[in-house]
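Have a look at this one.
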Amino acid sequence: MTPVPMLELRGVSKRFVKGLDLAQKMANLLGAGEREEVVHALDHVSLAVNEREVVGLVGESGCGKSTLGRIAAGIMEPSDGTRLWLGQEVSGLPAAAARRIELKIQMIFQDPFASLNPRMRVADIIGEAPLAHGIVTRGEASQYVADTMRRVGLDPEFARRYPHQFSGGQRQRIGIARALAVKPDFLICDESVAALDVSIQAQILNLFIRLREEFALTYLFISHDLGVVEHLSDRVVIMYLGRIVEIAATEELFAKPNHPYTQALLLGVPRLEARNQDFAPVAGEIPSPLDPPPGCHFHPRCPHAMPKCREIAPELVEIAPGRMSACHLNHAA
Amino acid sequence: MTAAPTLAVEHLRTHFFTRAGVVKAVDDVSFTVNRGEVLGLVGESGSGKSITGFSLMGLVDPPGRIVDGRILFQGQDLVGRSEADWRRLRGNRIAMIFQDPMMTLNPVLRVDTQMIETIQAHADVDRQSARERARAALAQVGIASPDERLEAYPHQFSGGMRQRVAIAIALLNKPDLLIADEPTTALDVTIQGQILFEARKLARETGMAMIWITHDLAVVGGLADRVCVMYAGRVVETGSTTDVLDHPAHPYTDGLIGSVPSRNRRGQPLKQIPGMTPSLLDLPPGCAFRDRCGYADSRCGVSPETEDVGPGHGVRCHHPLATVAA
Ligand SMILES: Nc1ncnc2c1ncn2[C@@H]1O[C@H](COP(=O)(O)OP(=O)(O)OP(=O)(O)O)[C@@H](O)[C@H]1O
Ligand SMILES: Nc1ncnc2c1ncn2[C@@H]1O[C@H](COP(=O)(O)OP(=O)(O)O)[C@@H](O)[C@H]1O
Ligand code: SF4
Ligand code: SF4
Ligand SMILES: [Mg+2]
Ligand SMILES: [Mg+2]
C-alpha cells in the first residue's frame, strides 16, 4: 500500500487574465479590438509529495514553477483542482484547521531582500509569526529568536539589525529562520539559492541538508539549476510551459531521461567535467504561455515530433514503476 | 617564434576613489589572450571581473580610473589613450556584450537602423552593403529569418533573441577581441546552450579572441581554452581549463570547485568555503583569502606573487596545492 502523501495537488490549473492597459483601452475606443489575454500558467497539474521526501521541480522561466509553488504553499488559489494535506482537501476544512495546515507549509523565496520587510529588525522578522500564533510567549520570544538564528548559522548578536545590514547569503538565512520559526513540516524553496555566489550557495544548501535531518522536513525544491536539484532531490519533476512532462527518481532521470524535453535540458546544460563541450542545443524559442502551441507544447522544438503531437496533448502516465512521462513516443504502436 | 597575443594585460590596476576609501576593484591583473582563443574569467560577485572588462574597453568612469599597468592590444598600449582613440577601437576592433543586451540595443530604433549605423560609424560603406552585412551577422549567430528580424524593434524579441542581436552587433565590424560579460546568466538553460554553441563556433571559425566573463565554472569548463580565476581584484590562478579545473593549485579555486554540487556525492553535505568574500574597501595587506583558507600561516600576511606550478599554470599562493600531472 502506498502511503498517503503529505501534500498533493490534483488536476490543478491556474489562469491569469491579463487586463488591458490604458493604451489598449484607448485603442479599443477607436475600434482596435484589443482583447484581454489569458495566461495558462498551470494546465492540469497533479503532483504528490511524500513525508520526508525532497522533490525537485525544474523548468525554464515562465513554465509555472513559482505558480505551482505558491499554490502548494496555499498563498495562491488555483483556478481549478484540489489541494490535499495528508489526504484531506484543505479547502473543505474549518478555518482554524486550515490555518494550522498553512503554518505547517512555509515558503522561502529567491530574493531574500524583496521578501524581508526593510523596516523591521531581524528579531521581529523572525519572532513575529511564532508570537502571533502562540508558539512562544512574549517572555520566551527573544530566547527563541536567538536559538532559531543560531540554527541557521546567524549570530544572535545581530538580532537588532535591519535586513540591509546583511549580505545576500545572510539575508537568505534570515528568510530561512523566519520560515523555521513557526515549526513547519514542509518547506517550499523557490529558487532559494539562485541569487547566491557558488561558495555561499554551498553553505545554504548544506543548511537545507542539515535542517532536513534535524527537523524531519519535507521539501519541494524549485530551481532552474539541474546540478542543485540533482544533488538535493529524491525525485525530480520536469515542467514545460505549464505542464509536468516527466517525474522520476533522481538517479533514473539523470541516467536515462525519457521525455525529449528532459533529454534536451540535460544536453544543453554546461557541465564542469566537460571540455570543449558540444552544447548540442535544442532549437527554437520557448513559446509564449499566452499562446502555447496545440497538442504537445514541446512539438515545435522536438526532434521526434509526429503528426499527432501537433493535435493531441500527451497525458502524463506511468511508464515504469514510479516513473511518469508525457510523450506520445511511449505509446507508439 | 609564436605570434604576439591579441591582448596582453600587464599588472593592471583599476581603483575607485570613493568617499569611504579606495576600492581596489582590479589590483595587479595580468593575462594574455591569443587569436581564436576563449579565455574564461571566473570569480564570485564583486571579484573584479566586470571592472576588468570595462578597463579593457576604456569604459571606467570616475571615481574609478586605471592607476597602473598596460593593456597591450596587438602590441599597442591602450592605457592613457584619448577618448577619440577609444571610440575608434570600441565596437570596431574590440567589442563587448553584457548580461543585459539592452546595454547594447537602443529600444526606440529598428534593428537594421542600429546595425547599419554601427557599420557606418567605422567604415565608409553604402547603406545597401551595410544592410547586407547586418543580415549576414544575424544569420551568423543563428537567427532564423534575418530579413524579418532586421525590420523589428528590440522589444519584440525574447531575451535570448535580444542577446543574439547584441552579439551580432558586436560582430559587425569583425572585431579582433570580444569581451562577453555574463551574457547567458539571465537566459534559460536551452537558450544559454544555443548562445554557447554559437560562441564556440565563432571563435573557431573567425579567429577572434574572446574573454568570457562568468561566475559559472561549468560554462567555463565547456567553453574556454584557458581560465583566469579572480578573487578580491586579483587573478589567483591561471592556466589551461584542464589544469585549473581538474588540477587546481590555489586553495580558493580548489574550494570553489569542491563546492559545486556535481562534484559531491548526492545528498551529502557539500564541501564549503567558510566565511564570505572580503570587502574591497581598504583590504588589509597579505593574501585576501587568508581568513577563509585552511592552509594559511604567518607567511600569508605578505601578499603572494604569481608563480608557475607547471607550464602556463600560474598560482598566486605561498602554499600551492600539489598538482598531479594529467
Ligand atoms: N563605481 C564604483 N565605485 C566604487 N566601487 C565600485 C564601482 N564599480 C565597482 N566597484 C567595486 O569594484 C569591485 C569589482 O566590481 P565588479 O563589477 O568588477 O565585480 P564582478 O566580478 O563583475 O561582480 P559580479 O559577478 O557581481 O558582476 C566591487 O567590489 C565593486 O563594489
Ligand atoms: N500574478 C500574475 N499575473 C499574470 N501572469 C502571471 C502572474 N504570475 C505568473 N504569471 C504568468 O504565469 C506564467 C508562469 O509563471 P511562474 O509560475 O512565475 O513561472 P516560473 O516560476 O516557472 O518562472 C508566466 O507566463 C507568468 O508571466
Ligand atoms: S509528444 Fe511528440 S512532440 Fe511531444 S515530446 Fe513526445 S515526441 Fe516530442
Ligand atoms: S597565500 Fe596563504 S592564505 Fe592565501 S591562499 Fe595561499 S595558503 Fe591560503
Ligand atoms: Mg519563478
Ligand atoms: Mg559583473
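Can you pull the one-decimal nm distance between simple spin-label points at residue A:304 and residue A:82, each 7 Å off the Cα toward Cβ?
Each label point lies 7 Å from its Cα, and together they span 3.4 nm.
Here is a follow-up. Using amide H atoms built 1.01 Å from N in the peptide plane, name the residues 5+ places from residue A:245, or on other chains, whose amide H lies under 5 Å from its own.
Those lying under 5 Å, H to H, from residue A:245 are A:238, A:239, A:240.
Which Cα, out of B:26, B:165, B:235, lies furthest along the positive dipole direction of chain B (beta carbon charges, K/R +1, D/E -1)?
It is B:165, whose Cα lies furthest towards the positive end.
Can you tell me what share of the DSSP beta bridges in the range A:140-254 is antiparallel? A percent to the nearest 5 is fine. Show your work: numbers first, answer last.
Numbers: 6 of 11 bridges.
So the antiparallel bridges in the range A:140-254 amount to around 55 percent.
Another question about this same structure. Within chain A, which complete DSSP H helices have Cα atoms spanning at least 24 Å along the helix axis and a mean Kyte-Doolittle hydropathy of 1.0 or higher?
Going by DSSP H runs, there are no hits.
Moving on to the next point. Out of all DSSP beta bridges with both ends in the range A:7-280, state the antiparallel percent to the nearest 5.
So the antiparallel bridges amount to about 55 percent of the total.
What net charge do the residues around residue A:279 carry, taking every other residue with its C-beta under 11 Å from that of residue A:279, with Lys and Arg at +1 and Asp and Glu at -1?
Details: positive: A:271, B:200, B:201; negative: A:278, B:198.
After counting each charged neighbour, the total is +1.
With just the Cα atoms defining each centre, how far is the range B:186-201 from the range A:1-27? Give it in Å.
What the calculation gives is 30 Å, centre to centre.
Moving on. Placing +1 at every Lys and Arg Cβ and -1 at every Asp and Glu Cβ, with all other atoms neutral, what dipole size does the protein assembly as shown have around its Cα centre, in debye to the nearest 20?
In debye, rounded to 20, the protein assembly as shown gives about 660.
May I pose another question? Taking the DSSP beta bridges in the protein assembly as shown as the whole, what percent of them are antiparallel, to the nearest 5? Show your work: numbers first, answer last.
Details: 59 of 95 bridges.
Of all bridge pairs located within the protein assembly as shown, approximately 60 percent are antiparallel.
Using θ = phi - 60° and the Karplus curve 6.51 cos²θ - 1.76 cosθ + 1.60, what whole-Hz ³J(HN,Hα) does each residue of the range A:219-226 get, with Gly and Pro shown as x?
The phi angles translate into 10, 10, 10, 8, 7, 8, 8, 4 Hz.
Moving on. Using +1 at the C-beta of Lys and Arg and -1 at the C-beta of Asp and Glu, which of B:52, B:310, B:82 has the Cα lying farthest in the positive direction of the dipole of chain B?
B:52
Still on this structure: Would you please name the GluC sites (Glu not before Pro) within the range A:263-333 that are DSSP coil residues with at most 16 other C-beta atoms within 10 Å of their C-beta? Numbers along the way, then the final one.
On the way: sites: A:273, A:285, A:311, A:315, A:318; in loops: A:273, A:285, A:311, A:315.
Hits after loop and neighbour filter: A:273, A:311, A:315.
On to the next question. Suppose every K and R has +1 on its Cβ and every D and E has -1 on its Cβ; what is the size of the dipole of chain B about the Cα centre, in Debye to the nearest 20?
280
Just to confirm my numbers, what's the Cα centroid distance between the range B:161-182 and the range B:93-129 in Å?
10
Quick one: net charge of residue A:246's neighbours, Cβ under 12 Å, K/R +1, D/E -1?
Local charge sum for residue A:246: +2.
Read phi for every residue in the range B:238-250 and hand back ³J(HN,Hα) as whole Hz from Karplus 6.51 cos²θ - 1.76 cosθ + 1.60, θ = phi - 60°, with x for Gly and Pro.
So the J values, rounded to whole Hz, are 9, x, 5, 4, 5, 4, 6, 7, 9, 9, x, 10, 8.
With a 10 Å radius around each residue's Cβ, average the other Cβ atoms per peptide and rank B:225-237, A:18-30, highest first.
Descending mean neighbour count gives B:225-237, A:18-30.
With a cut-off of 8 Å between alpha carbons and a minimum separation of six or more residues, what is the relative contact order of chain B in percent?
21
Explain nothing, just the number: dipole magnitude of the range A:7-280 about its Cα centre with +1 on each Lys and Arg Cβ and -1 on each Asp and Glu Cβ, in debye rounded to the nearest 20.
Roughly 720 debye, rounded to the nearest 20.
For the range A:254-297 and the range A:169-193, what is the separation of their Cα centres, given in Å?
One Cα centre to the other: 30 Å.
For chain A, what relative contact order do you get, as a whole percent, if you take Cα pairs closer than 8 Å and at least 6 residues apart?
The value is 20 percent.
Another question, if that's okay. Among A:133, A:31, A:114, pick out the residue whose Cα is farthest towards the positive end of the charge dipole of the range A:7-280, where Lys and Arg carry +1 and Asp and Glu carry -1 on C-beta, about the Cα centre.
Sorting the options by dipole projection puts first A:133.
Report the net charge of residues surrounding residue B:241, where surrounding means a beta-carbon distance below 14 angstrom and charges are Lys +1, Arg +1, Asp -1, Glu -1.
Result for the neighbourhood of residue B:241: -3.
Values in this text are rule-based calculations from the coordinates and carry no lab data. These numbers were taken from a predicted model, which means no experiment stands behind them. Don't worry about glycine lacking a Cβ; one is built from the backbone with ideal geometry, like all the others, and counts go over all protein chains shown.
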